[in-house]
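Inspection log for the structure reproduced underneath, given as structure tokens.
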Amino acid sequence: MPPLEVTARSQAGRAVVRLRGELDIAGSDELRRHLEAARREHGDHLILDLADLEFMDSQGLSVIVGCYKAATAAGGSLTLAGPRPLVRRTLEITGLHRRIPVQASLEAALTANRTAAPNPARDTARGDGDPPAPSGARHEAPRG
């Protein structure tokens, strides 16, 4: 199986991080470093382009959840774009698709993010690093 390749660029005011290959324990630290660098260089609004990601294990999910919490705690956002069926299934089994926005393609993610508020309000009173739940909505933790 191909090792993880990570590239990052700025597009439409977002950090677009493209993942290619397999995201498992062997590549999780590398991804964490790339995501931190992308946030420093391009800001806290990120899109992970998963179209070329062939596999993701629990270590990869953990890195993505950590990035989501850090980005949203800083007033940013994280959107997952174009996951293949196997990766999408992993997101669904864990319930992350209900917590982290998932779009069918990078183009859809860029369009959706253009219409979203660039700096959503943060609920600092909660202190847990998670974004506030929409009014009247329940805030669910991912199930694993």
Inside region 1-54, the number of residues satisfying the requirement of being in contact with a Pro (Cβ under 8 Å, 6 or more places away or on another chain) and without any contact (Cβ under 8 Å) to a residue 60 or more places away in the chain is 9
Spans of helices (runs of 4 or more DSSP H) in region 1-96 with at least 3 residues surrounded by 14 or more Cβ atoms within 10 Å (Cβ to Cβ) and of a type in the set (Val, Ile, Thr)
58-73, 85-94
Against the condition within 13 Å of the chain's Cα centre (by Cα), at pLDDT 95 or above and under 21 Å from Gly21 (Cα atoms), how does Ala71 come out, does it pass?
no
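The values are calculated or read from the model by the stated rules, or taken from the named source; none is laboratory data. On a predicted model such as this, the values are computed, not experimentally measured, just so you know. Glycine gets a Cβ as well: all are built from the backbone with ideal geometry, and neighbour counts include every protein chain shown.
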